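Encoded as structure tokens, the structure appears first; notes follow it.
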Amino acid sequence: MKKVSFALNGIVQHWEVADGETLLASLRREGYFGVKFGGCEKGECGACTVLLDGKPVNSCSLLTVQVEGCHVQTIEGMGEHPDQGWKKTAGLHPIQQALVESGAIQCGYCTPAFALAAKALLEKNPNPSEEEVREAIAGILCRCTGYLKPVQAILKAASILRGEVDEQDWIEDTGVPLPVDWPSGADQSPAPAGDFGSPEKLVLTRRKVFMPRMFITPEVRQKTLSRVGKPELKVDAIKLVQGKPAFAADMEKRGMLIAKVLHSPVAHARIKHIDLSKARALPGVAAVLCYKDIPRVVYSTAGQSDPIPGPLDTFSLDSKVRFVGDRVAFVAAETEEIAEQALNLIEVEYEPLPAILDARDAMKPNAPIIHDEPEYVNFGESNPQRNLAAQIHIDIGDVEKGFEEADRIYEAEYVVPKVQQAHIEPHVVVTYWDEDDRLVIRTSTQVPFHVRRILAPVLGLPVKRIRVIKPRIGGGFGGKQEVLIEDVAAHLTIATGRPVLYEYTREEEFIAARSRHPMRIRMKTGVKMDGTITANEMRVLSDTGAYGCHGLTVTGNTGHKSMALYVGDGPYRKSPNIRFYADVVYTNTPPAGAYRGYGVPQGFWPVERHMERISRDLGLDPIAFRLKNAIREGELHPFSTAWSEGREPRPEIIQTVGLEECVRQGKAVIGWDQKFGNPEWHVVAGKPYLRRGIGVALVMQGTAIPYLDMGGASIKMNDDGSFNLLVGATDLGTGSDTVLAQMAAEVLGVPVDDIIVYSSDTDFTPFDKGAYASSTTYISGAAVVKAAEDVAEKIKKRAARMIKEQHPSVQVSPEDILLEDRKAIAPGGEYVTLAQVALNALHHTDQEQIMGIGSYYSPVSPPPFAAQFAEVTVDVETGQITVDRLVMAVDSGVIVNPVTASGQIEGGMTQALGYAVCEEMVYDQYGRAREKDLVDYHIFRANEMPKLETVFVQTYEPSHPFGVKAVAEIPMDGVAPAVGNAVLDACGADVFENPITPERLWRALKEKQSVADHH
Amino acid sequence: MKPAPFEYYAPTSVEEALATLQSLGYDGKVLAGGQSLIPAMNFRMARPAALVDLNKVKELFYIKPTSDGGLAIGTMTRDSVVEKDPLVSERFPIVPYVVKHIAHPQIRNRGTFGGAIAHADPAAQIPALSVALQARFLVRKQGGERWVNAEDFFMGPFMTVLEPEEMLAEVVLPPMAKGSGASYQQVSRQKGGYAQAAVISVVVVDENKRCKDVRVVLFSVGETPILSQTARKILVGNVPTAEAIAEVAEKISKDEVDPGTDIHGTAEYRRHLVKVLVRRGLTEAFERAK
């Protein structure tokens, strides 16, 4: 131990630390939870950034003893809530303020790092260029935003700090959060040919908010809404920008143990012998568990509704390991060091079994059987004897007849990789027994209610003795739609009686978390010479890895969404011929699971690459060809009568299709007509080895799972006329708490500020199936509206009575009351305030708690549609691709919050861009992961980004009270094929496998050259 | 993970540091910026018995002009300082351009010029840069010192001629000759990613545009930075034609590099990149030479 003295946020500290302790560990131990753990401990993610003598550094790569005599700054020293009862403070730092107002905060996990890096930059350079801002934050990885809004925020903060906006204007007497005003003309008229001018900067009353472009259909324009459709501040932004201890691991519990897991070093083996005695004997070790120590309960880790639409094939611990990274034993110890040491003392003898590492080998006759356990529970067509986790056969129409009627048939095979969600907050959970001997699970999850239901039998507890708390989540993207590590901590808490923290490292994220299913996809499409598609077939080999979890549903969606888009034209439009067959197989690799897009990006890479190739071969305009065959308003979703996530399918008519308008808007923004087919645009002056290209992809997704997904909400009124909104819906950084509050505020006639949102806690909030399937705004939103309407009705009844009492001459019935401006107003203008109503209800007359509940499930899943465009520059000598620009015009129905929604689009496009050009997970011949960190697995940094542009084409979806459709997943679908098509446009090279790495493109170019030479 | 236990020393002078290193012998390890070493210790890939932290040795942080027009850089000078120093950009414009490609700002705020050289990562920029610029290294130990040319310093991946009791104290960059031009070329999956192949080219031409000297240094394609001999043989004394440059590029890619196949690319592709990058680098360096 050494003594170290240094200044922390201006206050001198004298700490005693171990020589080897990093500053990150010391700060978090001392309660500075604004410094975040990104799991890497090698300076790659930047979540742990602090300022050391004014400069940003990674606190994971700095020993605490090294800061002797230095100045350290963390987010805790930057700014605070201005209004703390009788105490007023200086408030938030202008940088924090700008991050809040610009919508730069999604999950908020990296926000403290951005704020600190921005502070360091602006103190040195008060007038930075955008490029300088991007460079300054290039060391901080963000998986949510696509960096656009953080960059805008920092530029805005710079302008504020330069005094270009009156500082006084920033602080309104209502305190924080500031209610944002919005422009009355935020909507844009239809795109003129050419450019929009500069519509992004809209001057608000006093502040600027960067708004996405909007195209608003007349149906939407008719609706006059006061809260829905406005760029309200994110309801959790203020706490996140201060780095408050809002995340699962930001807590202290007396006696809390640290958990670690021994992961299998081999791909497939039986555990012949395991000896835990040495590990257990190590001082400081509280428990070591292997399969012999806990009950053997078969389950599925997939966070889905009951019954799980997939096989039950998983155990908390088993006598067999099925992939490198599979679980062998759990340890809980007083410190991380001791836990690590204990892992090394566990002696295991493995009996190796032959492993399947390539999905193509899984169903070969003599393939080893990965799941031979007798407890295995089949679902649907699963067959463990054949390593088949699921099988899908869908035939719509008469596909063979369709092929016979075609003039040409196009066939090709496409390959999509396994990729990581790479949320910056790793999987993390804390478990403990509460004073009622109920097990509390505080976990970073998208599915708190599924966690409770699924784990109850695994832990031997009834559901009623488990409470799951979902705090703020540092990103999930599907990775946390999995009951992945909660059982580890829970078993250890049961074994020891003590609180347990289990936090994945980044390496564990790569070897032992979930990922996107890699697939091989064969397309076969019949087309007439005029471009009419007569039949379309997709055959998929999908690799679920060692466990079946989401295998069926992910792969089902691959076809259900991507193969529904092109029904064909003419007679085929009414009776399309579509085939979708899939085998979902087990291999000895880490399981795939849910990842934003949920199988659909895997489908659109082949479909949209294939459509491009067909249109070019037939000499047809690629966009006209697509629109000719694409599904239209009022038509039946072709898959709706064929398949529904393992449940009974029911017909669905698609009510809103904004696809043509998306194409029109997107083309105008990217300048398609000036660039496509224009040879001059395709070359770069002075650089003969560079070529430019432009590409498009049309896509569709779904909105929730019909007849299944349910969300609940409850609202209660407080003495002052504010409301608690309790939702089971799970905001994982998306902003769903905010849009749900906006909908409640709209119905109740109050500012969003008056809605106190809480999500989610299985003890306090109503059920919600969780954050997945693009459903929260639609499903949980409708539930909130129902609950709010319930409350509004009670308010109006009482208000009518109160108004009559005050104005005996006035005749007013509850239906005529309008809720607006925190008042209940009669048609004649007489009103009572909501605070008066609340006091009356709670204290004065005929007392009652005004509250309402609502829940909702949907008979339909209205698809959002989009046109995604990419512009690339290709180096034909090296194969290096630079994506210069991504444009997405999307029909997500009515947009509840343009700032948070555009944040979803920008962040989604950025993740999808990684899928397009640089991200992939590969395994060696022993099944060991090649990529185990964010250095080798490169995700986009702020200084590598293309220009990102969003256009919302707002249709009005009649099945929802505010006309919304989904927004969060669809941006994942079209980027890769649009980039692939742009690469083809640039250099003529067809790449069938993504990501299009420089080497892959170089090989495609060589291939093209050798074909050309051959002719 | 957490580092294995170690002794920690934080000397405040070079003498004290050298004395500590002398007494520790093989147990001692110098801690400079720590951007490679501390992560390696976090993962227990490095387990030094003792760390000698140079971050409090103020006399090792400097950039000084030398009278001949070169620079002397103290070993602990941070990458971000080198990147932004006006004297560095004036005398060696290639240096900040290359340094900018190192990781990202947090890393450059801690990482040091000398630390990167002593660490000798075959995929790192600064070792190659030092070879390309004919740097000389002042190596000190208690009671002695020696000068080592950059070319002779790197023995293999993460291996140098430094003895356990020695410390790299200063890097001297001799002045760029009149008629010099330089270029940096790399290919990675994305801008900030790991370089699959990279080349630094420094050329000198006479007033008749004849090549007087050429230093082509490749990295990420072998165990150490590779200084091409072929380039010298073919180009020195001649006006560099496109054909000659192409020939150099071809020969280097065939004979002088030894890329491996790893997760970032195959050997075949990297050889191809070497050919393209050497050609582009030399062309650009000769265009810039004046």
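The values are calculated or read from the model by the stated rules, or taken from the named source; none is laboratory data. Computed from a predicted model, the values in this text were never measured in an experiment. Neighbour counts are summed over all protein chains in view; Cβ atoms, including those assigned to glycine, are modelled from backbone coordinates with ideal geometry. Side chains included, ligands, DNA and RNA excluded: accessible areas come from the protein's heavy atoms. Shrake-Rupley method; radii C 1.70, N 1.55, O 1.52, S 1.80 Å.
May I ask you to list the residues in the range A:1-59 that are without any contact (Cβ under 8 Å) to a residue 12 or more places away in the chain and within 21 Å of B:L31 (Cα to Cα)?
Correct list: A:V57 only.
Tell me, please, whether a residue that is under 23 Å from B:P127 (Cβ atoms), crowded, with 20+ Cβ neighbours inside 10 Å and within 13 Å of chain A (Cβ to nearest Cβ) can be found in the range B:87-99.
Looking through the range B:87-99, at least one residue is under 23 Å from B:P127 (Cβ atoms), crowded, with 20+ Cβ neighbours inside 10 Å and within 13 Å of chain A (Cβ to nearest Cβ).
For the range A:386-402, indicate whether the set of residues that are in a loop (DSSP other than H, G, I, E, B), open to solvent by 10 Å² or more (accessible area, probe 1.4 Å) and in contact (Cβ under 8 Å) with a residue 60 or more places away in the chain is non-empty.
So far as the range A:386-402 goes, yes, one or more of its residues are in a loop (DSSP other than H, G, I, E, B), open to solvent by 10 Å² or more (accessible area, probe 1.4 Å) and in contact (Cβ under 8 Å) with a residue 60 or more places away in the chain.
B:G74 passes all but one of (1) open to solvent by 10 Å² or more (accessible area, probe 1.4 Å); (2) farther than 30 Å from B:G260 by Cα; which number fails?
(1)
Can you tell me which residue is farthest from A:H610 (Cα to Cα) among those in the range A:455-472 that are open to solvent by 10 Å² or more (accessible area, probe 1.4 Å) and touching an Asp or Glu at 6+ places or on another chain (Cβ under 9 Å)?
A:R465
Looking at (1) touching a residue at least 40 places away in the same chain (Cβ under 8 Å); (2) surrounded by fewer than 19 Cβ atoms within 10 Å (Cβ to Cβ), find the lone condition where A:K418 falls short.
(2)
Being buried (at least 21 other Cβ atoms within 10 Å of the Cβ), part of a strand (DSSP E or B) and more than 10 Å from chain B (Cβ to nearest Cβ) narrows it down to one residue among A:V57, A:V12, A:V72, A:V100; which is it?
A:V72
Mind listing just one residue for me: the one in the range B:51-65 that is in a strand (DSSP E or B) and away from every other protein chain (no Cβ under 11 Å) and, of those, farthest from the chain's Cα centre (by Cα)?
B:V52
Which of the strands (runs of 3 or more DSSP E) contained wholly in the range A:798-867 include at least 2 residues that are within 41 Å of the chain's Cα centre (by Cα)?
Ranges flagged: A:818-820, A:823-825, A:851-857.
Give the range A:262-279 a look and list any residue that's in contact with a helix residue (DSSP H, G or I) (Cβ under 6 Å, 6 or more places away or on another chain), in a strand (DSSP E or B) and open to solvent by less than 10 Å² (accessible area, probe 1.4 Å), or say none.
none
Take A:E164 and decide whether it is surrounded by fewer than 24 Cβ atoms within 10 Å (Cβ to Cβ), within 12 Å of chain B (Cβ to nearest Cβ) and acidic (D, E).
It is false that A:E164 is surrounded by fewer than 24 Cβ atoms within 10 Å (Cβ to Cβ), within 12 Å of chain B (Cβ to nearest Cβ) and acidic (D, E).
For A:G20, which of the numbered conditions (1) part of a loop (DSSP other than H, G, I, E, B); (2) more than 10 Å from chain B (Cβ to nearest Cβ) fails to hold?
(2)
Please identify the pairs in which a residue from the range A:626-643 that is at negative phi has its Cβ atom under 6 Å from the Cβ atom of a residue that is small (G, A, S) and assigned to a loop (DSSP other than H, G, I, E, B), counting only partners at least 6 apart or on another chain.
Partner pairs satisfying both residue conditions: A:K628/A:G531; A:N629/A:G568; A:H637/A:A564; A:P638/A:A564; A:F639/A:A564.
Just to check your reading of the model, which residue among A:A744, A:A713 is in a helix (DSSP H, G or I), touching a strand residue (DSSP E or B) at 6+ places or on another chain (Cβ under 6 Å) and touching a residue at least 40 places away in the same chain (Cβ under 8 Å)?
Just a single option satisfies the conditions, and that option is A:A744.
In the range A:825-835, which residues are free of Cβ contacts under 8 Å to residues at least 40 places away in the same chain and not hydroxyl-bearing (S, T, Y)?
If the condition is that a residue be free of Cβ contacts under 8 Å to residues at least 40 places away in the same chain and not hydroxyl-bearing (S, T, Y), then A:I825, A:A826, A:P827, A:G828, A:G829, A:E830, A:V832 are the ones that fit.
Scan the range B:29-50 for residues that are away from chain A (no Cβ under 11 Å) and under 23 Å from the mean Cα position of the chain (by Cα) and report the count.
4
Across the range A:913-939, what is the number of residues that are in contact with a Phe, Trp or Tyr (Cβ under 9 Å, 6 or more places away or on another chain), open to solvent by 20 Å² or more (accessible area, probe 1.4 Å) and free of Cβ contacts under 8 Å to residues at least 60 places away in the same chain?
So the answer is 2.
Is it true that some residue in the range A:486-497 is surrounded by fewer than 22 Cβ atoms within 10 Å (Cβ to Cβ) and under 26 Å from A:I140 (Cα atoms)?
no
Considering B:A72, B:A118, B:A17, which residue is in a strand (DSSP E or B) and either away from chain A (no Cβ under 14 Å) or at pLDDT 95 or above (or both)?
Result: B:A72 is the single residue among B:A72, B:A118, B:A17 that is in a strand (DSSP E or B) and either away from chain A (no Cβ under 14 Å) or at pLDDT 95 or above (or both).
Condition check ((1) within 14 Å of chain A (Cβ to nearest Cβ); (2) modelled with pLDDT of 95 or more; (3) farther than 27 Å from B:G74 by Cβ) across all residues:
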{"position": "B:G179", "(1), (2), (3)": "no, yes, yes"}
{"position": "B:A182", "(1), (2), (3)": "no, yes, no"}
{"position": "B:Q185", "(1), (2), (3)": "yes, yes, yes"}
{"position": "B:V199", "(1), (2), (3)": "yes, yes, yes"}
{"position": "B:D206", "(1), (2), (3)": "no, yes, yes"}
{"position": "B:C211", "(1), (2), (3)": "no, yes, yes"}
{"position": "B:V216", "(1), (2), (3)": "no, yes, yes"}
{"position": "B:F219", "(1), (2), (3)": "no, yes, no"}
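Restricting attention to the range A:988-1003, which residues are outside any loop (DSSP other than H, G, I, E, B) and within 12 Å of A:Q880 (Cα to Cα)?
Passing the criteria: A:P998, A:E999, A:R1000, A:L1001, A:W1002, A:R1003.
Just give me the residues in the range A:980-1003 being within 13 Å of chain B (Cβ to nearest Cβ) and either basic (K, R) or within 20 Å of A:M519 (Cα to Cα) (or both), in sequence order.
Within the range A:980-1003, A:N994, A:P995, A:I996, A:T997, A:R1000, A:L1001, A:R1003 qualify.
As an exercise: evaluate A:T89 against (1) within 13 Å of chain B (Cβ to nearest Cβ); (2) over 29 Å from the mean Cα position of the chain (by Cα) and give the number of the one condition it does not meet.
For A:T89, the failing item is (1).
crowded, with 21+ Cβ neighbours inside 10 Å, in contact with a Gly (Cβ under 7 Å, 6 or more places away or on another chain) and in a helix (DSSP H, G or I): is that true of A:K149 in this structure?
yes
Keeping to the range B:248-286, report how many residues are within 9 Å of another protein chain (Cβ to nearest Cβ), among the hydroxyl-bearing types (S, T, Y) and part of a helix (DSSP H, G or I).
1
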